Amino acid sequence: MKVLFIGGTGKISSACTPLAVERGFDVYLLNRGQTDRPVPAGVKILNGDIRDKNSARAALADHNFDVVVDWIAFTADHIETDLELFRGRTSQYIFISSASAYQSPPVNLPVTESTPLANPYWQYSRDKIACEERLMRAYREEKFPMTVVRPSHTYDKTMLPFQGGWSVVDRMRRGEKILVHGDGSSLWVYTHHTDFAKGFVGLMGNSRAIGEAFHITSDELLTWNQLHEITARAAGAPEPQFVHVPSDLINAFDPAWGAGLLGDKAASMVFDNTKIKRVSPEFRCTTPYERGAREIVGWYDADPARQVVDAEFNSLTDRIISAYERAWEGL
């Protein structure tokens with residue numbers, strides 16, 4: 001099958017591209033060629049900017065594709081562009097949405113694909129919902145062959161699970177206090193991108209996926225305390241000194257950080273992966289975070305230039321912790 005990835009070199013897609021090649025797909029990437037990640041041998045590059053319709057049309061020329069995957073569509077306007085470009089020239093269009101589009105906090109667990117889409121806290125998630133709604137309308141009204149995929153928190157070797165990234169590991173190694181939202185006991189799912197890829201590639205060219213939505217996540221459940229503790233062990237750091245701070249207080253200090261908490265990470269999220277396992281039966285997660293954390297820390301330690309410490313994040317963390325501790329002292 002002839003497949004086009006719009007993007008194809010990001011954190012998630014960089015695992016899907018080589019697996020698709022391995023499985024025998026004829027893979028094309030449409031992007032601007034601005035990436036540090038290697039492109040697998042045999043992949044064909046179409047140099048173009050999907051945000052510029054004329055550039056994209058020129059790059060696509062007279063190509064038709066069995067599958068088109070847009071990894072970098074974030075608003076309904078982006079979907080309109082894709083509809084214009086790919087009507088009549090693909091048998092399946094896959095939109096990468098987000099599990100943060102689900103009701104937040106969820107009324108019922110586990111979350112299934114029929115859980116309502118409603119996120120009053122995070123504009124990113126509301127934009128993804130609008131994209132899904134436009135595609136569903138295109139499917140109903142014109143039989144546009146769409147599939148929606150909702151990744152949850154998916155990572156590669158460059159990506160730590162918490163706000164602040166490497167700055168948090170640096171704090172751990174220096175024995176400084178670590179800010180964790182809530183009481184640290186809410187459940188979270190952190191999925192390695194190679195595991196995600198196994199489920200995703202099974203949807204490509206799969207007629208059972210047309211008109212359907214799927215989330216693809218690990219079944220490993222960890223608390224936020226555990227995510228930090230596992231990372232500390234991988235980094236050879238002492239046991240973290242947690243300061244548990246309400247997400248509302250974090251939001252008051254930094255609404256951008258708060259939106260990602262209140263609209264996603266603050267609530268326990270448990271996903272039922274029955275649907276993806278039924279339609280993509282080769283999907284099985286084999287990378288627990290214990291192994292993933294060692295991979296991440298190893299990548300950072302391999303090149304000290306990657307170990308960027310954000311002074312602004314550290315200052316913000318210290319101010320939030322100080323305010324929280326002062327409030328306790330006043331009781």
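Evaluate the following for Ala197: is it outside any loop (DSSP other than H, G, I, E, B), crowded, with 19+ Cβ neighbours inside 10 Å and among the small types (Gly, Ala, Ser)?
So Ala197 fits the description; yes.
Tell me which strands (runs of 3 or more DSSP E) are completely within region 1-119 and hold 2 or more residues being farther than 19 Å from Cys131 by Cα, or say none if there are none.
Ranges flagged: 2-6, 26-31, 44-47.
Exactly one of (1) surrounded by fewer than 20 Cβ atoms within 10 Å (Cβ to Cβ); (2) assigned to a loop (DSSP other than H, G, I, E, B) is unmet by Phe144. Its number?
(1)
On the basis of being touching a Leu at 6+ places or on another chain (Cβ under 7 Å), β-branched (Val, Ile, Thr) and outside any loop (DSSP other than H, G, I, E, B), does Ile296 make the cut?
yes
Criterion first (in the same structural domain as Phe65 (by TED's automatic domain parsing) and in a loop (DSSP other than H, G, I, E, B)) does Gly211 satisfy it?
Yes: the conditions hold for Gly211.
Can you tell me which residues in region 84-121 are among the hydrophobic types (A, V, I, L, M, F, W, C) and crowded, with 16+ Cβ neighbours inside 10 Å? Lay out the reasoning, then the answer.
Start the filter on region 84-121 by keeping residues that are among the hydrophobic types (A, V, I, L, M, F, W, C), which leaves 85-86, 94-96, 99, 101, 107, 109, 111, 117-118.
Hits for region 84-121 are Leu85, Phe86, Ile94, Phe95, Ile96, Ala99, Ala101, Val111, Leu117.
In region 168-191, which residue that is surrounded by fewer than 21 Cβ atoms within 10 Å (Cβ to Cβ) and of a type in the set (Ser, Thr, Tyr) is nearest to the chain's Cα centre (by Cα)?
Ser186
Find all pairs meeting these conditions: Cβ atoms under 6 angstrom apart; at least six residues apart or on different chains; first residue within region 76-91 and polar (S, T, N, Q); second residue buried (at least 17 other Cβ atoms within 10 Å of the Cβ).
Thr90/Phe65; Thr90/Val68; Ser91/Pro145
Scan region 28-44 and tell me whether some residue there is in contact (Cβ under 8 Å) with a residue 12 or more places away in the chain, surrounded by fewer than 21 Cβ atoms within 10 Å (Cβ to Cβ), touching a Ser or Thr at 6+ places or on another chain (Cβ under 8 Å) and among the charged types (D, E, K, R).
Yes: region 28-44 contains one or more residues that are in contact (Cβ under 8 Å) with a residue 12 or more places away in the chain, surrounded by fewer than 21 Cβ atoms within 10 Å (Cβ to Cβ), touching a Ser or Thr at 6+ places or on another chain (Cβ under 8 Å) and among the charged types (D, E, K, R).
Go through Thr217, Thr231 for me and flag whichever is surrounded by 23 or more Cβ atoms within 10 Å (Cβ to Cβ), at negative phi and more than 18 Å from the chain's Cα centre (by Cα).
After applying the criteria, what remains is Thr231.
Out of all the residues in region 53-77, which are more than 24 Å from Phe25 (Cα to Cα), of a type outside the set (Lys, Arg) and in contact with a helix residue (DSSP H, G or I) (Cβ under 7 Å, 6 or more places away or on another chain)?
Within region 53-77, Phe74, Thr75, Ala76 meet the criteria.
Kindly establish whether Arg326 is surrounded by fewer than 14 Cβ atoms within 10 Å (Cβ to Cβ), under 19 Å from Val180 (Cα atoms) and either at pLDDT below 95 or touching a helix residue (DSSP H, G or I) at 6+ places or on another chain (Cβ under 7 Å) (or both).
yes
The values are calculated or read from the model by the stated rules, or taken from the named source; none is laboratory data. If you're wondering where the values come from, they're calculated on a predicted model, not measured in any experiment. Neighbour counts run over all protein chains shown; Cβ positions are idealised from the backbone, glycine included.
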